[in-house]
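Worksheet: one structure, shown below.
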Amino acid sequence: MIISVLVKANKKEEKILETGPDTFDVWTKAPAKEGRANVDVANQIAEYFGVSKSRVTLRSGARSKMKRFLIG
């Protein structure tokens with residue numbers, strides 16, 4: 001399954017909000033530097049879907065707020 005994610009970095013809380021079919025907004029405390037926010041978002045997605053962290057892969061948007069993740 002591929003999902004689209006709008007990442008909001010440097011927030012005070014972490015949460016995931018489903019905004020549509022296969023579309024999510026993810027808040028993270030991690031800064032958008034050196035890929036830290038990407039790693040944290042991938043971990044949150046894994047927990048949300050109940051899969052291991054190794055099954056969540058960033059497919060596109062490494063340097064963008066809008067990202068696509070593969071959950072396999």
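The values are calculated or read from the model by the stated rules, or taken from the named source; none is laboratory data. Because the structure is predicted, anything quoted here is derived from the model rather than measured. Because the Cβ atoms are built from the backbone with ideal geometry, glycine has one as well, and the counts that use them run over all protein chains shown.
Taken over the stretch 23-64, the criterion of being under 17 Å from Ile2 (Cβ atoms) and either of a type in the set (A, V, I, L, M) or at pLDDT below 95 (or both) is satisfied by Val26, Val41, Ala42, Ile45, Ala46, Val51, Val56, Leu58, Ala62. Here Ala30 fulfils each of the conditions (1) buried (at least 16 other Cβ atoms within 10 Å of the Cβ); (2) in contact (Cβ under 8 Å) with a residue 24 or more places away in the chain; (3) aliphatic (A, V, I, L, M) apart from (2). Among the residues of the stretch 33-72, write down those that are crowded, with 17+ Cβ neighbours inside 10 Å and free of Cβ contacts under 8 Å to residues at least 60 places away in the same chain. Residues satisfying the conditions are Ala37, Asn38, Asp40, Val41, Ala42, Gln44, Ile45, Ala46, Val56, Leu58.
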